[in-house]
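*Asks:* Sending over a structure as structure tokens; questions will come in a sec.
The values are calculated or read from the model by the stated rules, or taken from the named source; none is laboratory data. All values reported here derive from a predicted model rather than from experimental measurement. Heads up, the Cβs are rebuilt from the backbone with ideal geometry, glycines too, and the neighbour counts pull from every protein chain shown.
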Amino acid sequence: MAKRIIKDSTGDTATVTWDSQLCIHVGECGKAKGELFERGRKPWCDPNTSSDEAVLEVVKRCPTGSLSVVFKDPAMGETSAAENTITVVYGGPLVVQGDLDIEGAPDDSPGLKFRASLCRCGLSKTKPYCDNSHEGSDFKDYGAVGDTGKPLEETGGPLKVLLVDNGPIRLSGNVRIVAGSGRSAWQGTATALCRCGLSKNKPFCDGSHRGSEWTSD
């Protein structure tokens with residue numbers, strides 16, 4: 001496992017933090033228009049090039065929680081999305097957004113309160129978070145979702161993400177699952193999602209982890 005690096009980029013009104021252990025290099029920050037992030041520049045991130053509003057908007061694009069920001073003006077801080085959603089990425093992780101309460105999330109990774117990319121191939125060395133181990137592996141899933149769940153009476157509110165030892169991700173709270181095609185596919189208040197990569201009913205757990213050699217360590 002690569003050494004974890006936490007890097008702060010401090011401007012006059014904002015400090016942007018990057019956590020290397022959560023970053024899977026999606027590129028939302030580097031491809032964003034503007035001068036906040038520029039590859040090859042030192043510093044790579046310069047909050048003084050952008051307004052606080054623009055800094056927050058780009059940081060919120062990060063799907064893993066690797067990026068977070070603290071402003072001198074507390075009123076500018078990131079808030080949870082109005083709806084808890086999980087997107088089943090084609091061949092990749094579960095991208096979770098909302099009011100997140102992830103079991104065991106480190107205190108020094110504040111972005112995980114709002115955004116996370118959870119491993120579903122079972123191969124990550126930084127479980128429960130994705131580290132791109134699915135790339136180049138035998139894991140294959142296009143993100144289709146067959147079940148529909150039950151209509152929600154309300155949206156938002158805390159979403160508890162519990163991690164069963166050598167087992168699935170258990171969700172508790174209002175949540176909507178989006179298929180890899182972009183279709184709004186499932187909604188409900190409780191379910192278990194596969195994180196071993198073995199389920200025949202992905203993204204849901206079907207008990208395939210039982211009796212296998214897969215571990216969540």
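*Asks:* Quick one: GLY136 ticks every box in (1) farther than 21 Å from GLY207 by Cα; (2) at pLDDT 95 or above bar one, so which box is it?
*Replies:* (2)
Let's see how each residue does on (1) of a type in the set (Asp, Glu); (2) closer than 29 Å to VAL88 by Cα; (3) touching a strand residue (DSSP E or B) at 6+ places or on another chain (Cβ under 6 Å); (4) in a strand (DSSP E or B):
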position	(1), (2), (3), (4)
ALA2	no, yes, no, no
ASP8	yes, no, yes, yes
HIS25	no, yes, no, no
GLY30	no, yes, yes, no
LYS42	no, no, no, no
ASN48	no, no, no, no
ALA54	no, yes, no, no
GLU57	yes, yes, no, no
THR64	no, yes, yes, no
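*Asks:* Follow-up question, since we're still on this one. From the residues in the range 178-211 that are within 21 Å of ASN132 (Cα to Cα) and part of a strand (DSSP E or B), which one is farthest from the chain's Cα centre (by Cα)?
*Replies:* Going through the qualifying residues, I end up with PHE204.
*Asks:* Separate question: Return a yes/no flag: does the range 5-19 have any residue that is among the β-branched types (Val, Ile, Thr), under 23 Å from ASP107 (Cβ atoms) and either crowded, with 20+ Cβ neighbours inside 10 Å or in contact with a Cys (Cβ under 7 Å, 6 or more places away or on another chain) (or both).
*Replies:* Within the range 5-19, one or more residues are among the β-branched types (Val, Ile, Thr), under 23 Å from ASP107 (Cβ atoms) and either crowded, with 20+ Cβ neighbours inside 10 Å or in contact with a Cys (Cβ under 7 Å, 6 or more places away or on another chain) (or both).
*Asks:* Given the criterion among the basic types (Lys, Arg) and within 15 Å of the chain's Cα centre (by Cα), identify the matching residue among LYS31, LYS125, LYS113, LYS72.
*Replies:* LYS113
*Asks:* If we keep just the residues of the range 135-163 that are at negative phi and touching a Gly at 6+ places or on another chain (Cβ under 6 Å), which is surrounded by the fewest Cβ atoms within 10 Å (Cβ to Cβ)?
*Replies:* LYS150
*Asks:* Does TRP214 satisfy the condition of being aromatic (Phe, Trp, Tyr) and assigned to a loop (DSSP other than H, G, I, E, B)?
*Replies:* Answer is yes for this residue.
*Asks:* Within the bounds of the range 80-103, is there any residue that is farther than 29 Å from ARG176 by Cβ and either at pLDDT below 95 or assigned to a strand (DSSP E or B) (or both)?
*Replies:* no
*Asks:* Another question about this same structure. Consider ARG170 against the criteria (1) charged (D, E, K, R); (2) touching a residue at least 40 places away in the same chain (Cβ under 8 Å); (3) outside any loop (DSSP other than H, G, I, E, B): it satisfies all of them except one. Which criterion is unmet?
*Replies:* Tallying (1) charged (D, E, K, R); (2) touching a residue at least 40 places away in the same chain (Cβ under 8 Å); (3) outside any loop (DSSP other than H, G, I, E, B), ARG170 fails exactly one: (2).
*Asks:* Here is a further query. Inside the range 13-48, can you point out the residues that are in contact (Cβ under 8 Å) with a residue 12 or more places away in the chain and among the small types (Gly, Ala, Ser)?
*Replies:* Across the range 13-48, the qualifying residues are ALA14, SER20, ALA32, GLY34.
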